[in-house]
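The values are calculated or read from the model by the stated rules, or taken from the named source; none is laboratory data. All values reported here derive from a predicted model rather than from experimental measurement. Methodologically, a virtual Cβ is constructed for each residue, glycine included, from the backbone with ideal geometry; neighbour enumeration extends over all protein chains shown. For accessibility, only protein heavy atoms count, side chains too; no ligands or nucleic acids. Shrake-Rupley method; radii C 1.70, N 1.55, O 1.52, S 1.80 Å.
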Amino acid sequence: MSISFAHIPASIRVPLFYAEMDNSAANIGNQPLNALLIGQMLPSGSATPNVAIPVSDPNSAIALFGQGSMLARMVRVYRNQDAGSCNLWCLPLRDNLEGAQATGSITVGGVASA
């Protein structure tokens, strides 16, 4: 019984171990793959906070979550790595712009010895 290879020629007569991988049938399941990104949205975004929403591309993420928002940037980076094999869902969180900026001070005491 002969084994046919796609990339190793049958004319090789040198004794050595030759291996070939065929991943053409990898990940052919019927179940779609899903990914979830959780991040902050800006008030300029049109998405409803705390409600997961499917996002197809970075441009729609900008409209949904606001230009420069954490979640819009996360979608852009994710889609650079995975162009569309997964269904991408995003869970926008409200960017809390209320409150006061934290203040504090640090006092260092003692004598430097070296």
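When the trypsin sites (Lys or Arg not before Pro) in the range 5-114 are filtered for DSSP coil states and for at most 16 other beta-carbon atoms within 10 Å of their beta-carbon, the remaining sites are ARG13. Only alpha carbons enter this Debye calculation for the chain, each as an equal point scatterer, and the log10 of I(q)/I(0) it gives at q = 0.11, 0.12, 0.20 Å⁻¹ is -0.62, -0.65, -1.03.
For the chain, the share of DSSP beta bridges that are antiparallel, to the nearest 5, is 20%.
Helical content of the chain, expressed as a calculated mean residue ellipticity at 222 nm, amounts to -5000 deg cm²/dmol (DSSP H runs of 4 or more residues, -39,500 (n - 2.57) each, divided by residue number, nearest 500).
On a per residue basis, the convex hull of the C-alpha atoms belonging to the range 22-84 measures out at 90 Å³. Model label points for ARG76 and MET21, set 7 angstrom from Cα along the Cα-to-Cβ axis, are 3.2 nm apart. Here THR48 and ASN87 are evaluated by their C-beta separation; at R0 = 30 Å the FRET efficiency comes out at 0.95. What a 1.4 Å probe finds exposed on the chain is 56% carbon and sulfur by accessible area, rounded to a whole percent. Taking other residues whose beta carbon is less than 13 angstrom from the beta carbon of PHE5, and scoring Lys, Arg as +1 and Asp, Glu as -1, yields -2.
Hand me the chymotrypsin sites (Phe, Trp or Tyr not before Pro) from the range 7-114 located in a DSSP loop with no more than 16 other Cβ atoms within 10 Å, in residue order please.
Working: sites: PHE17, TYR18, PHE65, TYR78, TRP89; in loops: PHE17, TYR18.
The qualifying sites are PHE17, TYR18.
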